[in-house]
Amino acid sequence: MITKKTVDHLGWLARIKLTEEEKEKFPDQLNSILDYFEKLDEVEADVSPTHHVLGLTNVFRDDVAGQSISQEDALGNAPRKERGYFKGPRII
Amino acid sequence: MKEVIIGLEVHVQLNKLRSKLFCSCSTQYHDSEPDTHTCPVCLGLPGALPVTNGKAVDNAIKVALALNCNIEEWTMFYRKNYYYPDLVKGFQISQYDYPIATNGSISLDMEGGERIIRIKRVHMEEDPGKLVHVGTIDKSRYSLIDYNRSGMALLEVVTEPDLRTPKEARLFLNKLKNILEYLDVFDSSLEGSLRVDANISLAGGARAEIKNISSYKGVEKALLFEIVRQNNLVRRGVKVVQETRHFDEVRGITISLRTKEGEEDYRYFPEPDLVPITIADRVDDIKKTLPELPDAKRQRFVLQYGISDNHAKVLISELGLANFFETVATEVDANLSATWVADILKGELNYRDLDISAFSPNHMVQILQVLKKDTITENGAVQVIRTILDEGGTPSEIVKIKSKDLLKMDVDASENITLRVIEENPGAFQDFCKGKNEAMHFLMGQVMKETHGTVNRSTVIELLNKSKKEKLQNAPDNHREA
């Protein structure tokens, strides 16, 4: 059961700022989606789980080092950088 | 004192691979500028697709086999979701259910006997980037990130909470490192090659998880600190809370990190970009490639060469040292080799912070051959080893140059000096004849001083005893008294 508190926490986990209005509105919407998943309970229990939709296994590449991109390209999209590093928020 | 319960999560880089886990960026970034070994995959750019490095899987299976694990039939990757600046995609490709292997063990050789530490699971994951803090971790205003490390293949080895002391934790890590180096999948000398999360609690109390300890000594120090901290809380009647802590290596303390994320917050789900891997069918071939592991080598050394278990234990502690010993032992007496490699050479190397590659096994063979022929003293042989390490050169050159100091004195010269010492110290000799041990040590010391340690102690003792006998024969009165 998703409450306003769950929505608040989910917003924090996804780093999304939610308005008071959204926090009121979303629990009902999310709960109706979860209710829809209950349809799965109707499936027979002995069906083996689907771990992957492609039906492929063992796709590998050889352990060979290739070309990397330049430091300039790597940092090309970074909003903040310093001395060849990406600059990020202080953590903790 | 309450019982201490410790479990470790050890992250080791499979850094002998040439390329990263999911892209072909080179793993040789250690001497490079930041952010020069990246590509769209390990930078997490939209649309980039990971492809698994097959050899990384093989190396992981090797490790799992060496840790006596059950290898699962098949395995798959998951996304572990969290936000942190060192994680490019907002998730880490890791494993969750269906790890590569479970239920293994490592045996530790403790003073009280063998201890089995159970391994809960071994799984693969990608390494995040490296954060460079400006100032200390709890004070810096921002962080700098180098993604060269991002996407390196990591193996996480998780123990059951079977460790009881910080020292055991250190021995466990040493043993794990030892095994990984024997398997040729891991180079522990590279920066960032091993990181440890340590869970520790006092019996009955909540546990603290100390994150990201990056050195072997750090693990022991962090755990010692935590035991004191938790004991102090208990003594003051304060409850230990379950939390994540950071180890500040410089100050030697742990600090609360106040993270808000719990296990369910990681929202693990199967990585849709990577397909499952069947592993059971690879195991037999990989088993055949497994080298002799440390414990087996130790047993073989004792059986094959007849050396002591203590020597064998030292020799197998590094693969290079074990190989060095075997090379030398095939040329000269195995017991002599064991003593000189494990006790003397290893000590001289440790003192200089060098590894065994700094010394040639050929040189060791030559030194031991000269020593066996009795042309240099033990002390002289040590001098040759030290000279090679400090100044270079070959044993024969050094023996030639320093021959005056190193070559064993012939018995005549030894006798002359010993007789002179006796003559110059009549009182001490008198005491020696009366059976006083200190007097013997004094005379020996004088002879050693005169000869710069180039005579054998046994030769001097023989000479002293001979002189004593003569003296007693020449003085029948004394003889009768004695």
Eligible aspartates and glutamates near residue A:17 by straight Cα distance, threshold 16 Å, same-chain separation 8 or greater: A:8
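When Lys and Arg each count +1 and Asp and Glu each count -1, what net charge do the other residues less than 11 Å away from residue A:84, Cβ to Cβ, add up to? Don't skip to the answer; put the middle values down first.
Values: positive: A:81, A:83, A:87; negative: A:72, A:82, B:33, B:35, B:146.
Taking every other residue near residue A:84 into account, the sum is -2.
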Using alpha-carbon coordinates, inclination of helix B:437-451 to the longest axis of chain B, degrees: 80
Number of partner chain Cβ atoms within 10 Å, mean per residue of A:79-85: 5
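Summing both sides, how much accessible area is buried between B and A? Use a 1.4 Å probe and give Å² to the nearest 100. Show your work: numbers first, answer last.
Values: alone 24840 and 9520 Å², together 30270 Å².
Accessible area lost upon association: around 4100 Å².
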Sequence-distant residues sharing a close amide H with residue B:110 (under 5 Å, placed H): B:115
Eligible aspartates and glutamates near residue B:177 by straight Cα distance, threshold 17 Å, same-chain separation 8 or greater: B:9, B:109, B:156, B:168, B:187, B:191, B:197, B:220, B:292, B:295, B:318, B:355
Angle in degrees between helix B:294-305 and the longest Cα principal axis of chain B, rounded to the nearest 10: 30
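What does the structure give for A:47-56 when I average, per residue, the other chain Cβ atoms found within 10 Å of the residue Cβ?
Working: counts 0, 0, 2, 1, 7, 7, 3, 4, 2, 3.
Mean shielding by partner chains, rounded to a whole number: 3.
Mind scanning B:2/B:217; B:130/B:287; B:175/B:287; B:449/B:471 and naming the pairs with a C-alpha gap bigger than 32 Å?
B:130/B:287
Ranked from the most accessible area to the least, with a 1.4 Å probe and all protein chains present, what is the order of B:79, B:457?
Ranking B:79, B:457 by accessible area, largest first, yields B:457, B:79.
Count neighbours as other Cβ atoms within 10 Å of each site's Cβ, and list the chymotrypsin sites (Phe, Trp or Tyr not before Pro) in region B:123-223 that are DSSP loop with at most 12 such neighbours.
On the way: sites: B:142, B:147, B:172, B:182, B:186, B:216; in loops: B:186.
Within region B:123-223, no chymotrypsin sites (Phe, Trp or Tyr not before Pro) qualify (loop, at most 12 other Cβ atoms within 10 Å).
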Residue B:292 accessible area, 1.4 Å probe, all protein chains in place, Å² to nearest 10: 60
Coil-residue chymotrypsin sites (Phe, Trp or Tyr not before Pro) of region B:1-83, DSSP, other Cβ within 10 Å capped at 14: B:82, B:83
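Please give the net charge around residue B:470, taking every other residue with its beta carbon less than 14 angstrom from that of residue B:470, where Lys and Arg add +1 and Asp and Glu add -1. Please report the intermediate quantities before stating the final value.
Values: positive: B:466, B:468, B:469, B:471; negative: B:415, B:423, B:462.
Here the count lands on +1.
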Amide H contacts of residue B:78 (H built 1.01 Å from N, under 5 Å, at least 5 apart or other chain): B:94, B:95, B:96, B:271
With all protein chains modelled, accessible area of residue B:23 [1.4 Å, Å²]: 10
For region B:318-450, average projected area of the Cα convex hull in nm²: 9.6
Whole-number D in µm²/s for the protein assembly as shown (Stokes-Einstein; Kirkwood sum over Cα pairs; 25 °C, 0.890 mPa s): 85
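In square angstrom, what is the accessible area per residue of chain B with a 1.4 angstrom probe? Don't jump to the answer; show the numbers that get you there.
Working: 22930 Å² over 482 residues.
Per residue, chain B has an accessible area of 48 Å².
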With Cα atoms, 0 to 90° folded angle of helix B:54-66 axis to chain B main axis: 50
Inter-part distance where region B:71-132 and region B:213-229 are each reduced to a Cα centre, Å: 20
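The values are calculated or read from the model by the stated rules, or taken from the named source; none is laboratory data. Bear in mind that the values here come from a model prediction, so they are computed numbers and not experimental data. Neighbour counts are summed over all protein chains in view; Cβ atoms, including those assigned to glycine, are modelled from backbone coordinates with ideal geometry. To get the accessible areas, we keep the full protein, side chains included, count just its heavy atoms, and leave off ligands, DNA and RNA. Shrake-Rupley method; radii C 1.70, N 1.55, O 1.52, S 1.80 Å.
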